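Engineer: Sharing a structure, written as structure tokens. Questions coming.
The values are calculated or read from the model by the stated rules, or taken from the named source; none is laboratory data. Owing to the predicted nature of the structure, the values given are computational and were not obtained by experimental measurement. With ideal geometry, Cβ positions are generated from the backbone for all residues, glycine too; neighbour counts draw on all protein chains shown. Each accessible area value is taken on the protein alone, full model and side chains, heavy atoms only, with ligands, DNA and RNA left out. Shrake-Rupley method; radii C 1.70, N 1.55, O 1.52, S 1.80 Å.
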Amino acid sequence: MSQCLLCENDTAVQSWRGFFGAKAPVLCNICLNQFEKIDGPTCEVCSRPMDQKGICPDCAAWEKNIFISNQSLYHYNEAMKALIARFKYRGDYALAEMFAEDVRAMAKKAACDLVCAVPLPPSRLAERRFNQSEALIEMAGLPHTPLLARHESDKQSKKSRAERIEAEQTFYPIGNAAGKSILVIDDIYTTGATIRLVAEALGQAGAVSVKSITIARSGS
Amino acid sequence: MTNFSFFSGRELTDEEIPTISDLHLFAARPGLSDLPHCHRCGNTSTFSSHPCARCGKRCTYCRNCIEMGKISSCTTLYRWTGPEPEHPEKAGTLHWSGILSTGQKTASDNVWRAIQNGSEHTIWAVAGAGKTEVLFEGIAAALSDGKRVCIAAPRADVVRELAPRLEKVFPDTSPAALYGGSPDRHIYSPLVISTTHQLFRFYEAFDVMIVDEVDAFPYTFDQSLQYAVQKARKPDSSLIYLTATPETSWQSEIQSGRRDATLIPARYHRKPLPVPNMVWCGNWKKSIVPASVLNWVKEKEKEKALIFYPHIDTMNKALPIFKNINPRIESVHAADPLRKEKVEAMRRGDVPILLTTTILERGVTFPGIDVAVVGSEDRVFTESALVQIAGRAGRSADCPTGNIVFFHYGKTGAMVRAIKQINEMNTLGQKRGLLDP
Ligand SMILES: [Zn+2]
Ligand SMILES: [Zn+2]
Ligand SMILES: [Zn+2]
Ligand SMILES: [Zn+2]
């Protein structure tokens with residue numbers, strides 16, 4: 001018998017499938033049905049759902065960067081919001097397991113040389129006890145190459161708010177990625193600003209291209 | 001940090017007490033034992049682990065109580081070892097001029113005695129008997145003696161309903177009402193009304209522990225809430241249980257005298273409990289609103305009724321059919337954002353009939369209603385759920401009767417036992433002279 005990660009329900013597989021060694025799912029059907037997978041046409045760069053395939057205006061407006069594309073698994077609906085909050089802020093590491101299989105499959109398809117996490121500033125990491133991005137990589141059973149670190153973000157900065165949001169680069173390289181293609185895994189893709197800063201820092205480490213996989217795609 | 005009284009009786013994580021310098025006044029223990037066993041919630045089975053950036057080791061954490069803040073191997077729990085705050089003057093003065101019924105008086109005396117002796121006692125009081133008033137004398141005596149008292153209830157809405165009633169009768173010891181997100185959660189009071197969940201943050205704090213609605217979900221189902229009750233009370237404290245319909249094992253313990261209990265088999269208004277009828281209604285999952293149910297609604301042009309469905313989906317399918325009879329009929333379920341508004345509208349008489357899942361089985365009262373249960377053989381309708389549901393009818397003295405029907409597609413033991421329990425209460429009430437002729 002195995003229990004759903006979110007409720008008390010039993011998730012045991014139907015007997016004939018279990019007989020052939022099928023693994024019991026991590027969530028029960030009731031919990032699983034609250035989450036919406038992204039399918040149908042999306043932006044080729046950022047995974048935003050669209051009426052037809054193509055490149056969305058936001059992505060068209062970004063300056064050229066070694067960042068190639070992001071792929072997201074789920075819509076950021078209320079249930080996903082609650083789930084990610086429990087995973088990231090409450091610190092329920094075990095929840096990363098429900099994404100493991102999909103992340104592994106998507107990582108294989110992305111066919112990059114190295115997998116790297118989005119680092120947290122040291123104080124934030126100590127507060128949360130783990131980095132959600134690393135947790136997703138570990139649970140998916142992928143080898144992690146730490147190529148980046150992150151400064152404490154300077155909240156008292158005299159820069160204007162707009163400048164800070166636009167340009168505050170807190171990531172810096174700590175490894176060598178010369179000539180490599182890099183896959184970054186994180187929880188949410190919102191505006192694409194973070195992943196482009198990550199890509200810039202990876203470029204400083206010598207990387208030639210960056211792709212990302214995120215659990216959820218927020219924003220419209 | 002000047003006001004230490006807040007910490008008295010509480011056990012908190014390092015994160016919950018960030019700015020303390022006088023740590024020598026606190027006793028400390030790890031959040032988890034090696035088994036592992038969570039010292040806050042008692043969980044011994046639901047854990048996970050990960051490489052921990054705080055302690056540098058692979059750290060285990062409790063998944064059971066994580067919504068209250070994470071307890072990991074590297075978490076320390078602190079509890080106050082300084083002196084307990086003094087009670088305010090006149091703490092135990094009771095401001096209440098009501099009169100107890102004969103049944104209530106016996107119960108009140110027994111609660112008082114249990115509190116004096118530090119023993120355990122169960123009050124089995126039918127819905128409408130007035131169980132809260134039974135506590136007043138005992139609580140007053142306890143507060144006068146400088147004892148700290150806790151009433152634990154299974155749900156936040158019960159806490160919110162109880163708090164103002166106790167505030168009124170004990171104005172000198174304004175109770176702290178504790179539930180997730182409550183404004184009182186940083187307040188110290190010798191009188192605490194708390195959800196069973198919030199008890200996890202207490203350690204040997206109370207001289208008197210009163211557990212309301214012991215039969216209610218989730219108390220009976222959740223071992224960890226029982227752990228919370230035991231952890232929050234002092235070793236030599238008294239323990240009072242309140243229930244309208246104890247589970248089968250408790251019933252037999254009470255009947256055989258192995259559990260010390262007082263029964264109040266009659267309502268305050270001294271009229272017998274209305275007894276449910278059973279009506280076979282065929283496959284209601286197919287018909288959704290069986291003909292017999294439709295007739296029941298139309299027959300008397302029901303002015304006020306609650307109709308219980310076992311599941312949201314069948315209830316949602318039934319609603320449009322009922323709206324054909326009267327468009328003002330509404331439905332309500334646990335996650336309904338308009339739940340409060342709809343219950344209020346029912347109370348005002350704007351909604352004549354309310355379809356509901358089991359969430360309205362207890363707590364709410366509407367004067368003069370009839371009650372139907374559609375699909376009463378479903379397993380959500382346990383004996384105690386059905387007794388509670390029947391207890392919604394005939395509550396007011398002006399209108400002490402009410403028509404209750406269990407519409408079923410096959411009788412269950414729970415239905416039969418519920419009706420038997422209600423009949424037994426009426427017989428007992430009669431025998432003890434608690435009912436008017
Ligand atoms: Zn589930
Ligand atoms: Zn895009
Ligand atoms: Zn716990
Ligand atoms: Zn740790």
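Engineer: Give, as a single signed number, the net charge of other residues whose beta carbon lies under 12 Å from the beta carbon of A:GLU138, with Lys and Arg counted +1 and Asp and Glu -1.
Structural biologist: Summing Lys and Arg as +1 and Asp and Glu as -1 gives 0.
Engineer: Another question about this same structure. Two decimals is fine: what's Rg over Rh for the protein assembly as shown, C-alpha atoms, Kirkwood radius as Rh?
Structural biologist: Over the Cα atoms of the protein assembly as shown, Rg/Rh equals 1.03.
Engineer: When only C-alpha pairs under 8 Å and at least 6 residues apart count, what is the relative contact order of chain B, in percent?
Structural biologist: 15
Engineer: Keeping the other protein chains in place, figure out the carbon and sulfur percent of the accessible area of the protein assembly as shown, with a 1.4 Å probe.
Structural biologist: Here carbon and sulfur together make up 51 percent of the probe-accessible area.
Engineer: Sticking with this structure for a sec: So what is the relative contact order of the range B:102-264, in percent, for Cα pairs below 8 Å that sit 6 or more residues apart?
Structural biologist: For the range B:102-264, the relative contact order is 33 percent.
Engineer: Using a 7 Å offset from the Cα along the Cα-to-Cβ direction at both B:SER249 and B:ILE187, what is the distance between the two label points in nm, to one decimal?
Structural biologist: 3.7
Engineer: While we're on this one: Per residue of the range B:347-361, in order, report the coupling 6.51 cos²θ - 1.76 cosθ + 1.60 (Karplus, θ = phi - 60°) as ³J(HN,Hα) in whole Hz, putting x for Gly and Pro.
Structural biologist: Working through the residues one at a time gives 5, 6, x, 6, 10, x, 10, 10, 7, 8, 7, 5, 4, 9, 5 Hz.
Engineer: In nm, what is the difference between 0.36 nm times the number of residues separating B:ARG54 and B:HIS37 and their Cα-Cα distance?
Structural biologist: So the extension gain works out to 4.1 nm.
Engineer: About the Cα centre of the range B:232-340, how large is the charge dipole given +1 on each Lys and Arg Cβ and -1 on each Asp and Glu Cβ? Please answer in debye to the nearest 20.
Structural biologist: The dipole of the range B:232-340 has a size of about 260 debye.
Engineer: While we're here: Quick one: which residues, 5 or more positions from B:GLU11 or on another chain, have an amide H under 5 Å from its amide H? H modelled 1.01 Å from N in the peptide plane, none for Pro or chain starts.
Structural biologist: B:PHE202, B:TYR203
Engineer: Subtract the Cα-Cα distance of B:GLN226 and B:GLU167 from 0.36 nm times their separation in residues, and report this length gain in nm to one decimal.
Structural biologist: Full extension of this stretch gives 18.6 nm more.
Engineer: Another question, then. In peptide A:87-93, how many Cβ atoms from other protein chains are near each Cβ within 10 Å, on average?
Structural biologist: 5
Engineer: Okay, next question. Identify, among B:ALA372, B:ILE329, B:ALA385, the residue whose Cα sits farthest towards the positive end of the charge dipole of the range B:328-405, taking +1 on the Cβ of Lys and Arg and -1 on the Cβ of Asp and Glu, with the dipole about the Cα centre.
Structural biologist: Working it through, the farthest residue towards the positive pole turns out to be B:ILE329.
Engineer: Can you give the translational diffusion coefficient of the range A:36-217 in µm²/s, computed by Stokes-Einstein from the Kirkwood radius over Cα pairs at 4 °C and 1.567 mPa s?
Structural biologist: 77
Engineer: Here is a further query. Would you mind pulling out the separation of the Cα centroids of the range B:247-267 and the range A:82-105, in Å?
Structural biologist: 47
Engineer: Measure nothing fancy, just the Cα-based angle from helix A:97-110's long axis to the longest principal axis of chain A, in degrees from 0 to 90, nearest 10.
Structural biologist: 60
Engineer: Note down the relative contact order for the range A:36-217 as a percent, whole number, built from C-alpha pairs under 8 angstrom at least six residues apart.
Structural biologist: In percent, rounded to a whole number, it is 27.
Engineer: Over chain B, with a Gaussian network built from C-alpha contacts below 10 Å, which listed residue (B:ALA345, B:ALA142, B:ALA261) shows the highest mean-square fluctuation?
Structural biologist: For chain B, modelled as a Gaussian network with Cα springs under 10 Å, the answer is B:ALA345.
Engineer: For B:LEU94 and B:LYS340 in the same chain, what is the full-extension length gain: residue separation times 0.36 nm, less their Cα-Cα distance, in nm?
Structural biologist: 85.4 nm
Engineer: Over all residues in B:51-59, what is the mean tally of Cβ atoms on other chains that come within 10 Å of each residue's Cβ?
Structural biologist: 4
Engineer: Residues of the range A:102-144 losing 50 Å² or more of accessible area relative to the isolated chain, 1.4 Å probe, heavy atoms only?
Structural biologist: Those residues are A:ARG129.
Engineer: Short version: ³J(HN,Hα) in whole Hz for each residue of the range B:101-107, in order, from phi by Karplus 6.51 cos²θ - 1.76 cosθ + 1.60 (θ = phi - 60°), x for Gly and Pro, what are they?
Structural biologist: 6, 4, x, 5, 4, 4, 4
Engineer: For B:LYS105, A:LYS53, give me the order by solvent-accessible area with a 1.4 Å probe, most accessible first, ignoring ligands, DNA and RNA.
Structural biologist: Ranking B:LYS105, A:LYS53 by accessible area, largest first, yields A:LYS53, B:LYS105.
Engineer: Taking K and R as +1 and D and E as -1, what net charge do the other residues with C-beta under 13 Å from the C-beta of A:GLY206 add up to?
Structural biologist: Charge balance near A:GLY206 sits at -1.
Engineer: Turning to a different aspect of this structure: Quick query: amide H of A:GLY54 versus all other amide H atoms, modeled in the peptide plane; which residues come in under 5 Å with a sequence gap of 5 or more or a different chain?
Structural biologist: A:THR42, A:GLU44
Engineer: Keeping all protein chains in position, work out how much accessible area B:ASP184 exposes to a 1.4 Å probe, and write it in Å² to the nearest 10.
Structural biologist: Per-residue accessible area (B:ASP184): approximately 40 Å².
Engineer: Calculate one ³J(HN,Hα) per residue across the range B:426-437 by plugging θ = phi - 60° into the Karplus curve 6.51 cos²θ - 1.76 cosθ + 1.60, and present them in order as whole Hz with x for glycine and proline.
Structural biologist: Couplings: 5, 4, 5, x, 4, 4, 8, x, 9, 10, 7, x Hz.
Engineer: Going by average Cβ density within 10 Å per residue, which order do the peptides B:362-375, A:111-124, B:36-49 take, highest to lowest?
Structural biologist: So the peptides B:362-375, A:111-124, B:36-49, ranked by packing, come out B:362-375, B:36-49, A:111-124.
Engineer: Continuing with this model, one more query. Just report the Cα centroid separation between the range B:402-437 and the range B:151-173, whole Å.
Structural biologist: First find each Cα centre; the distance between them is then 30 Å.
Engineer: What is the sum of charges around B:TYR409, taking Lys and Arg as +1, Asp and Glu as -1, for the other residues whose C-beta is under 10 Å from the C-beta of B:TYR409?
Structural biologist: With Lys, Arg at +1 and Asp, Glu at -1, the net is +1.
Engineer: While we're on this one: Return the subset of B:LYS105/B:LYS431; A:LYS109/A:LYS180; A:LYS53/A:LYS211; B:LYS411/B:LYS431; B:LYS298/B:LYS420 for which the Cα-Cα distance in this structure is over 20 Å, preserving the input order.
Structural biologist: Exceeds cut-off: B:LYS411/B:LYS431; B:LYS298/B:LYS420.
Engineer: Tell me, what is the FRET efficiency for B:ARG258 and B:GLN430 to the nearest 0.05, using R0 = 25 angstrom and their Cβ-Cβ distance as r?
Structural biologist: Efficiency, rounded to the nearest 0.05: 0.45.
Engineer: Okay, next question. Sequence-distant or interchain residues sharing an amide H contact under 5 Å with A:SER212, placed H: which?
Structural biologist: Those lying under 5 Å, H to H, from A:SER212 are A:SER69, A:ASN70, A:GLN71, A:VAL184.
Engineer: Averaged across B:64-73, how many Cβ atoms of other chains sit within 10 Å of each residue's Cβ atom?
Structural biologist: Average per residue, whole number: 2.
Engineer: Another one. Can you give the helix-only mean residue ellipticity at 222 nm for chain B, where every DSSP H stretch with n ≥ 4 adds -39500 (n - 2.57) and the sum goes over all residues, rounded to the nearest 500 deg cm²/dmol?
Structural biologist: One gets -8500 deg cm²/dmol as the mean residue ellipticity at 222 nm.
Engineer: Just to confirm my numbers, what's the Cα centroid distance between the range B:298-347 and the range B:28-71 in Å?
Structural biologist: 44
Engineer: Leaving out ligands and nucleic acids, note down the accessible area per residue over the protein assembly as shown with a 1.4 angstrom probe, in whole Å².
Structural biologist: 47
Engineer: Probe radius 1.4 Å, ligands and nucleic acids left out: which of B:TYR309, B:TYR409 has the largest accessible area, and how do the rest follow?
Structural biologist: B:TYR409, B:TYR309
Engineer: State, in square angstrom and to the nearest 100, the accessible area buried between chains A and B, both chains counted, probe radius 1.4 Å.
Structural biologist: The summed interface area works out to 1400 Å².
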